Amino acid sequence: MDLKLELLVLPVSDVDRAKAFYEKAGFRLDVDKAPTEDWRAVHLTPPGSEASIIFGKGLTSAEPGSAQGLYLMVSDIEAAREELLGRGIEVSEVFHDARGLLFHGHTGGTVTHDLPGQERLAGRHPEGASYGSYATFSDPDGNGWVLQEITERLPGR
């Protein structure tokens with residue numbers, strides 16, 4: 001049986017502002033429906049992704065900005081960062097972990113290091129290790145996104 005994650009609900013405070021942000025970031029608008037005054041759904045898909053996001057009015061009771069650790073996998077971290085910057089999206093500098101650890105915690109859209117021995121260092125992973133280089137950004141509500149560079153996928157992916 002296949003179980004495919006295809007849709008993530010994001011909590012936002014201003015639907016139109018969030019829609020404008022994600023379109024500016026290059027996400028494709030798939031649906032914007034508001035059949036009643038109390039319900040609206042905006043569905044967008046990141047470029048090249050099989051998974052999408054949805055937000056709106058009446059979709060979730062989660063606190064706006066509480067979605068953290070939303071990963072977007074990219075084949076070239078610097079090019080992805082430059083693309084977003086060129087679109088007017090604020091993106092952190094590229095970084096890696098000193099020990100090459102893959103886990104990174106998230107607080108308010110900022111990648112933090114909560115495990116013993118983690119140390120955030122500037123720049124791409126020095127050996128260009130797949131899964132080893134990151135950059136972060138947040139939407140206007142503070143929902144936190146992480147760009148992670150993958151040049152070679154782990155087995156089974």
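The values are calculated or read from the model by the stated rules, or taken from the named source; none is laboratory data. Bear in mind the structure is a predicted one, so any value in this text is a computation, not a measurement. Every residue, glycine as well, gets a Cβ built from its backbone with ideal geometry; the counts of neighbours run over all protein chains shown. Protein only, heavy atoms only, side chains kept; ligands, DNA and RNA dropped before computing areas. Shrake-Rupley method; radii C 1.70, N 1.55, O 1.52, S 1.80 Å.
Hey, could you check region 115-125 for residues that are modelled with pLDDT of 90 or more and out of contact with any Gly (no Cβ under 6 Å at 6 or more places or on another chain) and say which is surrounded by the fewest Cβ atoms within 10 Å (Cβ to Cβ)? So, considering only residues that are modelled with pLDDT of 90 or more and out of contact with any Gly (no Cβ under 6 Å at 6 or more places or on another chain), the one surrounded by the fewest Cβ atoms within 10 Å (Cβ to Cβ) is 122. Restricted to region 58-113, and to residues that are in contact with a strand residue (DSSP E or B) (Cβ under 8 Å, 6 or more places away or on another chain), at pLDDT 95 or above and of a type in the set (Asp, Glu), which residue is most open to solvent (accessible area, probe 1.4 Å)? Among those residues, the one meeting the criterion is 90. Taking each residue of region 1-25 that is loosely packed, with under 11 Cβ neighbours inside 10 Å and looking for partners that are in a loop (DSSP other than H, G, I, E, B) with beta-carbon atoms closer than 8 Å, six or more apart or interchain, yields 4/50; 5/51; 6/50; 6/51. Restricting the first member to region 31-48 and to residues that are in contact (Cβ under 8 Å) with a residue 12 or more places away in the chain and surrounded by 10 or more Cβ atoms within 10 Å (Cβ to Cβ), and the second to residues that are among the polar types (S, T, N, Q) and part of a strand (DSSP E or B), the beta-carbon pairs closer than 8 Å and six or more apart or on different chains are 43/52; 44/52; 45/52; 46/52. Entry remark, region 59-68: residues being among the small types (Gly, Ala, Ser) and either touching a Ser or Thr at 6+ places or on another chain (Cβ under 8 Å) or touching a residue at least 60 places away in the same chain (Cβ under 8 Å) (or both) number 3 in total.
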